[in-house]
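Written below as structure tokens is the structure these notes are about.
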Amino acid sequence: MSQIAHQVHDNFKSFVGSDIDAIGAEISSFVTSSGAAAKSIGIVHVNSAGELLFSLGYRDDEPGYGVALKTAALGHIDTVHAAGLDALDEALSAAADEIEGIICHELVVNGDGDFTAVFLVHTA
């Protein structure tokens, strides 16, 4: 099986809440109890509820492994202009340099334009 084939998945589990750490604990617990092999996360800010909706993509046809969510505050980044995209890329790369075992990432932006990177990471 090619390396990319290991990442392909079609199972999903959703979580909702306002605290990323609490959602991360729920995701980690689900993965541990179900034996899921986590592959991706998706995040949507539900403005009307003031909460975050997470979806976890996973496989159930290969052995599972431990995962956790790690966050990094990236600060205010003006992504309206091309230079802001470069700044976002640099901030993401700098955050990733401090985190081991990244499987995938998502971004959360608050109403003030402050970015938080959310990394799904493999744990030992």
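Can you tell me which of Ser14, Ser28, Ser33 is among the small types (Gly, Ala, Ser) and free of Cβ contacts under 8 Å to residues at least 12 places away in the same chain?
On the way: Ser14 fails: free of Cβ contacts under 8 Å to residues at least 12 places away in the same chain; Ser28 fails: free of Cβ contacts under 8 Å to residues at least 12 places away in the same chain.
Of the residues listed, the single one that is among the small types (Gly, Ala, Ser) and free of Cβ contacts under 8 Å to residues at least 12 places away in the same chain is Ser33.
The number of residues in the stretch 57-111 that are among the acidic types (Asp, Glu), under 25 Å from Ala5 (Cα atoms) and assigned to a loop (DSSP other than H, G, I, E, B) comes to 4. Annotation note: Cβ proximity below 8 Å between a residue of the stretch 90-105 that is more than 12 Å from Thr71 (Cβ to Cβ) and a residue that is modelled with pLDDT under 95 and among the charged types (D, E, K, R) (sequence gap 6+ or interchain) occurs for no pair. Once the stretch 91-121 is narrowed to residues that are charged (D, E, K, R) and at pLDDT 95 or above, the residue that is nearest to Lys39 (Cα to Cα) is Glu106. For the stretch 1-21, the tally of residues that are open to solvent by 80 Å² or more (accessible area, probe 1.4 Å), under 18 Å from Ile102 (Cα atoms) and outside any loop (DSSP other than H, G, I, E, B) stands at 2.
All conditions in (1) over 18 Å from His105 (Cβ atoms); (2) over 16 Å from the mean Cα position of the chain (by Cα) hold for Gly75, with the sole exception of (1). Summed over the stretch 22-72, the residues that are open to solvent by less than 40 Å² (accessible area, probe 1.4 Å) and at positive phi give a count of 1. The residues of the stretch 112-124 that are part of a loop (DSSP other than H, G, I, E, B) and within 16 Å of the chain's Cα centre (by Cα) amount to a single one, Thr123.
The values are calculated or read from the model by the stated rules, or taken from the named source; none is laboratory data. This is a predicted model, so every value here is computed, not measured. Positions of Cβ are generated from backbone atoms using ideal geometry, with glycine treated the same way; all protein chains shown enter the neighbour counts. Ligands, DNA and RNA are stripped out before the accessible areas are found, and what is left, the full protein with its side chains, is counted by its heavy atoms. Shrake-Rupley method; radii C 1.70, N 1.55, O 1.52, S 1.80 Å.
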